[in-house]
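Here the structure comes first, spelled out in structure tokens, and everything after it is commentary.
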Amino acid sequence: MYKIGVIGDKQSVSGFVAVGLSVFPCDDLEKAKAVFHRLAECGEYAILYLTENYGKDMSDDIEKYKDMQLPAIIPIPGMCGSYGVGVGHSKKAVERAVGVDIIYGNQE
């Protein structure tokens, strides 16, 4: 059975333990990148949630896995709020699937 992982700062991810997710608190961006790559490549995780405070600086890392069937990489807001990373990823996914941005149009 596949697992669901959550990567981010301790305050943002610790609550996910209560619902049975695998939690990986990281103190800095480099640790978050290392954990992210390890989990993305191990084949055990179907979904990786990544807090936006790290995800905003990991676009190239996330891009490496975009065409893989698993894991689904989903940016989520952290304790500091949203940086708009999740919306940006959703917009790109819609454009890839449909060919045009049917949700946001030309609005930025």
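The values are calculated or read from the model by the stated rules, or taken from the named source; none is laboratory data. Quick caveat: nothing in here was measured; it's all calculated off a predicted structure. As a convention, Cβ positions derive from the backbone with ideal geometry for all residues, glycine included, and neighbour counts pool all protein chains shown.
In the range 31-38, the condition of being part of a strand (DSSP E or B) and either closer than 19 Å to Met1 by Cβ or not charged (D, E, K, R) (or both) is met by no residue.
Of all positions in the range 57-74, at least one carries a residue that is modelled with pLDDT under 95, in a strand (DSSP E or B) and touching a Gly at 6+ places or on another chain (Cβ under 9 Å). Has the range 55-66 got any residue that is acidic (Asp, Glu), surrounded by 15 or more Cβ atoms within 10 Å (Cβ to Cβ) and under 13 Å from the mean Cα position of the chain (by Cα)? Yes. Residues that are among the hydrophobic types (A, V, I, L, M, F, W, C) and not in a strand (DSSP E or B) within the range 9-30 comprise Val13, Phe16, Val17, Ala18, Val19, Leu21, Cys26, Leu29, listed in sequence order. Checking Leu29, Leu39 one by one, the residue that is free of Cβ contacts under 8 Å to residues at least 40 places away in the same chain, under 13 Å from Asn53 (Cβ atoms) and not β-branched (Val, Ile, Thr) is Leu29 and no other.
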